[in-house]
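The values are calculated or read from the model by the stated rules, or taken from the named source; none is laboratory data. Note that the coordinates shown come from a computational prediction; the quantities given were computed from them, not determined experimentally. Backbone-built Cβ (ideal geometry, glycine too); neighbour counts: all protein chains shown. Quick note on the areas: whole protein, heavy atoms, side chains included, nothing else; ligands and nucleic acids left out. Shrake-Rupley method; radii C 1.70, N 1.55, O 1.52, S 1.80 Å.
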Amino acid sequence: MKKSMIALCCPLLFLSVVSTTAKAQHDTSQAIEGRWDLAVQGGTRVSPSWLEVELSGSHTLVGRFVGAGGSARPIAKVNYKNNAFDFTIPPQWENGSDMVINGTVIGRDSMAGTMLSPNGKTYNWTGVRAPLLKRDGKPVWGKTIKLFNGTNTDGWHTEYGANQWIAQDGILRSPKSGANLVTDQTFTDFKLHIEFKYPAGSNSGVYLRGRYETQVEDSKGMEPDSHLLGGIYGFLVPNTLDCAKPAGEWQTYDITLIGRMVTVSLNGVDIVIKQNIPGITGGAIDSKEGEPGPILLQGDHGPIDYRNITITPAQ
């Protein structure tokens, strides 16, 4: 009887020690856990970035990182001690060596550090805890606004580089790779209607608040992927691409964004349904997620046509 009691107590004692140790380790790592909006100082420009850190199991911190371009990259391990941390991730689209990020958590809601980029240069960065963007109650929709008047690009401006966009026969056209096109107006929550057409193999994107890319890419016949048509780039995978049309045909997005919650309808079929966008995607205009933002049309990845662009903002 005594042996049985001892045998029973030992595993329980072991589990208790493990649980207590794991809790202590978790308590010490909580300051860095969560999602962070980063701003990287690169000369005269500030590049938006994003970081997510979470505890995997009892003692390993892992995460995801989004740089100025590309998609979310997995972080195998985040080293963290006494509010200082570092991690390394391999290049994605860049040429060069691994990216090395060092930082310090400052209080509960900010951090700062340095980034050794694949090009060998070191940049300073700062970060703040990303807002939850929760909404209470249902939105009250306002008046629908026509963002493209069909005759010119009034109400829009380019982001870096020469303007290759033209208005022609009711179509907003980018005949070749060039600058992105951005609305002068900014928005918080909204319903967006936009129609698009691309030649075979081309690629564009519709950035919601200028921060979250809904991918536009020749993807008919492919398996759904967050990097293909209908995906929130690198984050959310559409349920189906069966409704996608071939290159050269007009297609339609109807997108509702409320806080972080997004619904994407492609050609009348809901393919992303009330999913939360974790953070900014590569190519975002900034990482200020708590602020209103514009609609941005990607024009640097190939020819693309848009038309019938309207938005219904929440009041």
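Here the Debye sum runs over all C-alpha atoms of segment 125-211 as equal scatterers in vacuum, and log10 of I(q)/I(0) at q = 0.12, 0.14 Å⁻¹ comes out as -0.51, -0.67. Per residue, the accessible area of segment 71-150 comes to 63 Å², computed with a 1.4 Å probe over protein heavy atoms only.
With a probe of 1.4 Å, find how much accessible area segment 240-315 has per residue, and write the answer as a whole number in Å².
I get 36 Å² per residue for segment 240-315.
Projected label points at Thr44 and Ala76, each 7 Å from Cα along the beta carbon direction, are separated by 4.0 nanometres.
Surface composition of segment 48-202: carbon and sulfur make up 51 percent of the accessible area, probe 1.4 Å. What FRET efficiency, computed as 1/(1 + (r/R0)^6) with R0 = 22 Å and r the Cβ-Cβ distance, is obtained for Asp154 and Thr252, rounded to the nearest 0.05? Working from the Cβ atoms, E equals 0.40. When the inverse distances between all different Cα atoms of the chain are averaged and flipped, the Kirkwood radius reads 21.4 angstrom. Near Gln315: Cβ cut-off under 12 Å, other residues only, Lys/Arg at +1 and Asp/Glu at -1. The net charge is +1. By the helix-only formula, in which each DSSP H run with n ≥ 4 contributes -39500 (n - 2.57) and the sum is divided by residues, the chain has a 222 nm mean residue ellipticity of -3000 deg cm²/dmol. Placing a label point 7 Å from the Cα of Ala112 along the Cα-to-Cβ direction, no residue of segment 31-69 has its backbone N under 11 Å from that point. Note on exposure: Glu249, Glu289, Glu217 ranked by accessible area (1.4 Å probe, complete protein assembly) read Glu249, Glu217, Glu289, with the most exposed listed first. When Trp156, Trp93 are compared by accessible surface with a 1.4 Å probe, the order from highest to lowest is Trp93, Trp156.
Summarising the label geometry, the points placed 7 Å from Cα in the beta-carbon direction at Ile171 and Gln30 lie 5.7 nm from one another.
With all projection directions averaged, the alpha carbon convex hull of segment 225-315 covers 6.5 nm². In a shell of Cβ-Cβ distance under 14 Å around Gly210, excluding Gly210 itself, what net charge do Lys and Arg (+1) and Asp and Glu (-1) give? Result for the neighbourhood of Gly210: -4. Spacing of the modelled spin labels on Thr144 and Asp242, each 7 Å from Cα toward Cβ, amounts to 2.8 nm.
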